1. Restricting the search to segment 199-210, which residues are surrounded by fewer than 24 Cβ atoms within 10 Å (Cβ to Cβ) and among the aliphatic types (A, V, I, L, M)?
2. If a residue must be in contact with a Gly (Cβ under 6 Å, 6 or more places away or on another chain) and either β-branched (V, I, T) or crowded, with 24+ Cβ neighbours inside 10 Å (or both), how many such residues does segment 72-107 contain?
3. Got at least one residue in segment 337-345 being touching a helix residue (DSSP H, G or I) at 6+ places or on another chain (Cβ under 9 Å) and more than 21 Å from A271 (Cα to Cα)?
4. If you go through segment 373-422 one residue at a time, how many are under 15 Å from S79 (Cα atoms) and in contact with a helix residue (DSSP H, G or I) (Cβ under 9 Å, 6 or more places away or on another chain)?
5. Please tell me if D363 is open to solvent by less than 50 Å² (accessible area, probe 1.4 Å) and at pLDDT 80 or above.
6. Quick test for you: out of R305, R350, pick the one residue that is basic (K, R) and either assigned to a helix (DSSP H, G or I) or open to solvent by less than 60 Å² (accessible area, probe 1.4 Å) (or both).
7. Quick check on G258: is it within 18 Å of the chain's Cα centre (by Cα), under 20 Å from V55 (Cβ atoms) and buried (at least 24 other Cβ atoms within 10 Å of the Cβ)?
8. Which one of these does A386 not meet: (1) surrounded by 15 or more Cβ atoms within 10 Å (Cβ to Cβ); (2) over 23 Å from the mean Cα position of the chain (by Cα); (3) of a type in the set (A, V, I, L, M); (4) not in a loop (DSSP other than H, G, I, E, B)?
Amino acid sequence: MPRASAPQNPSAVQETARSRKLQLLGILCGLTAGGWLGAAEAPTKLVTAGVSPIVISLIMVIGVFLARWSLPALILGTSSVRADVRRAPHLIIWAVLAGCLWAVANTMTIFAIRDIGLSIAFPLWNSNSLLGILWGFLFFNELRQAGWRRWAGVLGGALVMCVGATLLAVASSTQGPVAHSLRGVWAALGAGVLWGTMYIPYRKAYLTGMNPLSFLTFFTVGELGMMLTLAVSYLSFVPLWHELTSARDVLFWLMLGGFVWVIGDVFQQYAAKYAGISRGIPLSNSNQLWGLLWGILVFGELHGRSVSTYTQVIGGSLLMMLGVGAIAFSSATSNEQTQWKEAALREGRRYGIAADFIEARMDGRQAAGEQKPSRSAFDWLLVSIATGVFVFLAAAVRVPQISLHWGPAAILSAATLLLFLVCGLTLWRTTRFH
């Protein structure tokens, strides 16, 4: 007679089911982030209307600053931020450093868009996926004991992404003067390197239980400080002020782009937390497909170009998306997740954080004895100030004098809103934004 199988431990089954659910949540967050991060770059097309790339980046970062203080206040309240700071004050430095890297990378993307176009620049700077995989393996035990199939998926996907990036780099040489095209390629790749390195502080914060909303609050301090430094160094005070005043009619659109970027970045943070940077970041880099759609359908990029250029751009983007899919869906095994927990405990010992708190936050729940987040009058004041700034700027807004197609823009906007509603509701029901 066949031997009866041993009964499974109910708690182990429940833990496995919870881990699988959180990984699926991380995948959904990564895809949603891709849509919103892609939409956020559309306002940078205003560079064709004569607005300086430095000014575009600065104004976007100001919008980012308002969003990254008001959204955490609205969702959980700043009491949650203060609690995280008390537990791991050292991570504030990492958050500020990550913000500095982001500001420099974002400025480089503006130059890249100006020189080689949105549909080509996007996939080039999304080479940050490769660095995310490398740093995740070296520092945070990702892909350790993952099995050969996961390794094949990740490495094979990385190879396909490189081939796609090569096709796009070749296609960029047909978009304008050689000097400008080459400069745009280097700017996009440089942004990818900086953003890829920026994910190290992300993972350090989330392995030790810091809430993504808390991390973003201090992240934006480094962002705004670095961006102001870059703007003043590049233009000096008086020319910068003149540029800002001359661009007052489009301030709303650029700050709105920054706000939209933050929504995408919030989902990217949760993807990095629950799927790891080696998988969550490639998923969020699906924004290259959204960038392609916005660039070609809405702004008419590549219009009138040769068939070979279309083939290289679309084929390169599809190849990179196939690579991203292979990496993203090489889901973490239970053995690899054990390695993640060991990395989390190591980081916890480094910063003096209790193991039970880290375990609870990795599981997407509140720790025992942790005070429930609440909103204060100060939180509503932050939300009111941010809302007031956008309403004030919207009163003086004008439609940019650039060629665009409103029908595709409306369809893409509706799709990103649908992703927001589905993912936001799922994230709330599963983790209460922990």
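1. Answer for segment 199-210, where residues must be surrounded by fewer than 24 Cβ atoms within 10 Å (Cβ to Cβ) and among the aliphatic types (A, V, I, L, M): just I200.
2. Selection size over segment 72-107: 2.
3. Within segment 337-345, none of the residues are touching a helix residue (DSSP H, G or I) at 6+ places or on another chain (Cβ under 9 Å) and more than 21 Å from A271 (Cα to Cα).
4. Selection size over segment 373-422: 10.
5. yes
6. Working: R305 fails: either assigned to a helix (DSSP H, G or I) or open to solvent by less than 60 Å² (accessible area, probe 1.4 Å) (or both).
Testing whether each residue is basic (K, R) and either assigned to a helix (DSSP H, G or I) or open to solvent by less than 60 Å² (accessible area, probe 1.4 Å) (or both) leaves just R350.
7. yes
8. (2) is the only condition that A386 fails.
The values are calculated or read from the model by the stated rules, or taken from the named source; none is laboratory data. Since the model is a prediction, treat every value here as computed from it, not as a measurement. Note that we place each Cβ from the backbone using ideal geometry, even for glycine, and neighbour counts take in every protein chain shown. The accessibility values were calculated without ligands, DNA or RNA, using every heavy atom of the protein model including side chains. Shrake-Rupley method; radii C 1.70, N 1.55, O 1.52, S 1.80 Å.
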